[in-house]
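Please treat every number below as a calculation from the coordinates, not as lab data. Keep in mind the model is a prediction, meaning the values are calculated, not measured. Cβ sites come from the backbone with ideal geometry, for glycine too, and all protein chains shown count toward neighbours.
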């Protein structure tokens, strides 16, 4: 009896997951994860963001690119900053934006996610910006919405937060130049629970960053994270030695008491970024943080507010990057007659 | 009189490892002769099995029927009908129904409904602890008397090791086999995927291999002390297999099984947040899958089961971690196992033994053997027929399978249970 290939030719659910975000012309239809995108795509997002950064610096901070488009901020998980910057980005592109906060208490299920989507879809909008506490939620939603709707992932569980990663790349590029090849980037803190870190790691590797390091106690490092293309350090000073970029991650309060870490105090004593420790990094190293910061827990105030800190720039750049992604996704030419322009 | 003649088929006997083209004579529920026609035999019905393989009916060590309690997912009637169509003539129902199988009334309910459905035989496992809650011993002797073939705590935890030790000890004195689905609750709870590179990349909470090995190690020590007879079900890891291998080498009388999907899928298959591949224990690494295949080959694993868990469509329509685990797998049990033959992991005899003779011995039931004066539970399949698994033609109410669209070779043509032809394709 012959040995035959048995893998199905047709994928099981929707399209291939990492290509679901591209249309038939290879343009960005959804923005769900950094993984699987090419460096051309990331560079093009950064370049577009650069052009919007100029808009944002002008007196009239508005362009009519997405006039008539309706965007829905669909947040199943609380957020202030991310939601606000998406809202601001949409408004500066002249789109109409609707904020919907759906609290997902684990006990009261009620309407299923699919039902919620179908209801919103009936309101004829063009884009969902989704935040959800489940990893894979954005993929699930993109796989189940009507074909004319685009989905942007504003954070799903521990999986991905691609616009945050892109604004971080934008920040690095503005400070360190376009070539990431010679850079040493250290990501410090709770990688286990961090979607931001996962997206950053993908983006840094796709942009050919010379050395990407992660620094955390083992309890906050996911299994086999080295497979994502990073080297692991459990000692902060060894990890940030000669770093060009230090990205601090937020440590959530609930991780500090209990089983992941013995105490806030001990964490700060081992992993808190202080001016003193920052000396081992390069003299021109920048310090980043996706916010909101916990002063005195992962970062000393003097560092957060110091001259190396670009934390507030990140927030500003977030608007340009989100404008870039939204305009690229909604400003695509129709698939049937689009050409490989640009 | 109900006489059935199956003629001219290729009789494959996993016990004697022999194959011959011959006839099977069936009367009143039993095989009365093979080869030689009994004097005066007149068939009421005959099946021409030319070119078909005649095998003992399959015995499935674990299939959830969802009744009582979850009959919006499936019911006994639908699932035994599906099982019969897949060549399964006996299946074993774990105790985690609602209410759980911890008193004779539930055992009787299931047995009665299965008898009414008149397809695949259903045997049951009783709860090891009352309500499967892990606190109080169940009435094991009573459950045994009511017909339970073993006891199990399913995947529910028994946190207190002293209670577990007493439960094993009591089971040993009742002479009832303990069926263990090894899982250390605190290591697995909240997890939905193998703790490895894929879960890390997808941001899914992992279940480490130690969730399995810690539970196996704890159980093995208690089995040694209490002398209980035990079966380990649904192994998923290379290290788990290794513990079973060493225990067997030490002379412990234990047995083990694996679900068929663990031999074909790995963590890579959840890559696209494919909720159809959300199962417990989780699909592990390629290396684990290969170790499981090796264990099937060298006999450390004694049986392959379906681990059938049918779901309604909504149960799989959500982001990965929020979906319910399990595969509707009765109808892929034989096809997948035959693929092991095609891929030269095991010869056909061994494959059929893993699906019939050996699981029957584990359950301690009279099945899994083709011989005169034994119950006529028979699976007749066409080893050459090519087909594709299509969820729209599945008989199980659960259509949740990652194998939709897979091409298989070998398909059940007839199923005979208690001497009655219950299925013909």
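So the values come out like this:
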item	result
Volume of the Cα convex hull of region B:279-425, divided per residue and given in Å³	135 Å³
Computed FRET value (nearest 0.05) for residue B:166 with residue B:344, which takes r as the C-beta separation and R₀ as 35 Å	0.15
Region A:162-310: projected area of the alpha-carbon convex hull, averaged over directions, in nm²	7.7 nm²
Largest-first principal axis extents of the Cα set of region A:262-342 (Å)	60, 31, 18
Fully extended contour minus Cα-Cα distance, from residue B:8 to residue B:21, at 0.36 nm per residue	4.1 nm
Antiparallel %, DSSP beta bridges [both residues in chain A], to 5	5 percent
Prolate/oblate/rounded label for region B:208-253 (Cα gyration tensor, a/c 1.5)	prolate
Efficiency of FRET between residue B:366 and residue A:219 - r from beta-carbon atoms, R0 51 angstrom, step 0.05	0.45
For region A:164-210 and region B:126-154, distance of Cα centres in Å	55 Å
Debye intensity ratio I(q)/I(0), log10, region B:48-192, q values 0.10, 0.11, 0.16 Å⁻¹ (C-alpha model)	-0.37, -0.44, -0.85
Those residues of region A:209-225 whose amide nitrogen sits under 16 Å from the label point placed on residue A:280, 7 Å along Cα→Cβ	A:213-218
Spin-label pair residue B:210/residue A:40, simplified geometry with 7 Å Cα→Cβ offset, distance in nm	4.6 nm
Bridge type composition, the protein assembly as shown - antiparallel percent by DSSP, nearest 5	35 percent
Tensor-based shape of region B:229-328 (alpha-carbon gyration tensor, a/c under 1.5 rounded, otherwise prolate or oblate)	prolate
Scattering curve values for chain B, log₁₀ I(q)/I(0), Debye with Cα scatterers, q = 0.10, 0.12, 0.13 Å⁻¹	-0.65, -0.95, -1.12
Area projected by the alpha carbon convex hull of region B:57-136, averaged over all directions, nm²	4.8 nm²
Value of Rg to Rh for chain A (Rh from inverse mean 1/r over Cα pairs, i.e. Kirkwood)	0.98
Segment residue B:395-residue B:48, extension gain: residue separation times 0.36 nm, minus the distance between their alpha carbons	122.4 nm
Square roots of five times the Cα gyration tensor eigenvalues for region B:75-115, Å	20, 10, 9
Nitroxide proxy distance, nm - points 7 Å out along Cα→Cβ at residue A:124 and residue A:81	3.8 nm
Pair-distance profile P(r), taking every C-alpha pair of the protein assembly as shown, with 20 angstrom steps and integer %	16, 41, 30, 12, 1, 0
Helix axis angle, A:195-206 relative to chain A longest principal axis, alpha carbon, degrees	90 degrees
Debye equation applied to the C-alpha atoms of region A:168-209, log10 I(q)/I(0) at 0.15, 0.16, 0.22 Å⁻¹	-0.36, -0.40, -0.73
C-alpha center-to-center spacing [region B:256-296, region B:335-401] in angstrom	19 Å
FRET efficiency, residue B:71 to residue B:173 (Cβ-Cβ, R0 30 Å, nearest 0.05)	0.25
Shape call, region A:26-109: gyration tensor on alpha carbons, a/c limit 1.5	oblate
0 to 90° range, to nearest 10: angle between helix A:311-330 axis and chain A longest Cα axis	20 degrees
Å³ per residue enclosed by the Cα convex hull of region B:1-133	132 Å³
